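Read the structure below first, then the notes.
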Amino acid sequence: MIMKHLTEEERLVAALLQLDNIVELTEGNDWQDYIYNKLIVLKCELERQYTNLTGYKYDEYINVQTKEKE
């Protein structure tokens, strides 16, 4: 299984990216608000764990990744 080879940081980033994908996929869904209210709790917890693990906020990681692509 691929996930066994990932570091904890990589797993957290992957989980956060998957959450972003779910948000995009459920855009316009009749239950969008309900879904978002459930997902935000998970997103906050994953971001907290990422910050505790790395010492950086997840938003900082995304900003660095975006700048590297430009």
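Values quoted throughout were computed directly from the atomic coordinates according to the rules given, and no laboratory measurement underlies them. As the structure is a computational prediction, the values presented were derived from the model and not from experiment. Backbone-built Cβ (ideal geometry, glycine too); neighbour counts: all protein chains shown.
Overview of results
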{"quantity": "Cα-Cα pairs of the chain separated by more than 15 Å (percent)", "calculated": "60"}
{"quantity": "Structure-based [θ]222 nm, the chain - -39500 (n - 2.57) summed over DSSP H runs of at least 4, per residue, nearest 500", "calculated": "-25500 deg cm²/dmol"}
{"quantity": "Cleavage-rule hits, trypsin sites (Lys or Arg not before Pro), the chain, DSSP coil, Cβ neighbours within 10 Å at most 14", "calculated": "Lys57"}
